[in-house]
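Following this message is one structure expressed as structure tokens.
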Amino acid sequence: MAAKPGSKSAFVLFDVFYEDGSRRSNRKVPAEILGGLDGDEPARKVIQEQDNEIAKASGKAPLAISQLVRVGAKKK
């Protein structure tokens, strides 16, 4: 059975692990920026920008990202 048109998600979800040992789940990244030669690396920039906005609103410093893992992907 063929997939329905438009059923492909516009976002990819990531679990983000920070250097202080904390974790944030299900961070959305636009699917169109991923893939190609850079793989999932563009997601780091998008999530860092999201973290900067959150930090600005909360008044706390943003945390350094240590690892990104796609939700549902097997850990390496």
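Measure off 7 Å from each Cα along the Cα-to-Cβ vector at residue 55 and residue 17, then give the distance between these two points in nanometres to one decimal.
If labels sit at residue 55 and residue 17, their model points lie 2.1 nm apart.
Could you go through the range 42-48 in sequence order and give the Karplus-derived ³J(HN,Hα) for each residue, using 6.51 cos²θ - 1.76 cosθ + 1.60 with θ = phi - 60°, rounded to whole Hz, and x for Gly and Pro?
After applying 6.51 cos²θ - 1.76 cosθ + 1.60, I find x, 5, 4, 5, 5, 5, 5 Hz.
Can you give the charge dipole size of the range 11-76 about its Cα centre, rounded to the nearest 20 debye, using +1 on the beta carbon of Lys and Arg and -1 on the beta carbon of Asp and Glu?
Charge dipole of the range 11-76: 280 debye, to the nearest 20.
Moving to a separate point now. Can you list the residues, at least 5 places off or on another chain, whose amide H is less than 5 Å from the amide H of residue 66, using H built in the peptide plane?
Under 5 Å from the amide H of residue 66: 17, 18, 19.
Same structure again: Using only C-alpha atoms and all pairs of different ones, pull out the Kirkwood radius for the range 16-75 in Å with one decimal.
Taking the inverse mean of 1/r over all distinct Cα pairs, the range 16-75 comes out at 12.3 Å.
Readers should treat all values here as calculations from the given coordinates under stated rules, not as data from a laboratory. All values derive from a computational prediction rather than experimental measurement. Note that we place each Cβ from the backbone using ideal geometry, even for glycine, and neighbour counts take in every protein chain shown.
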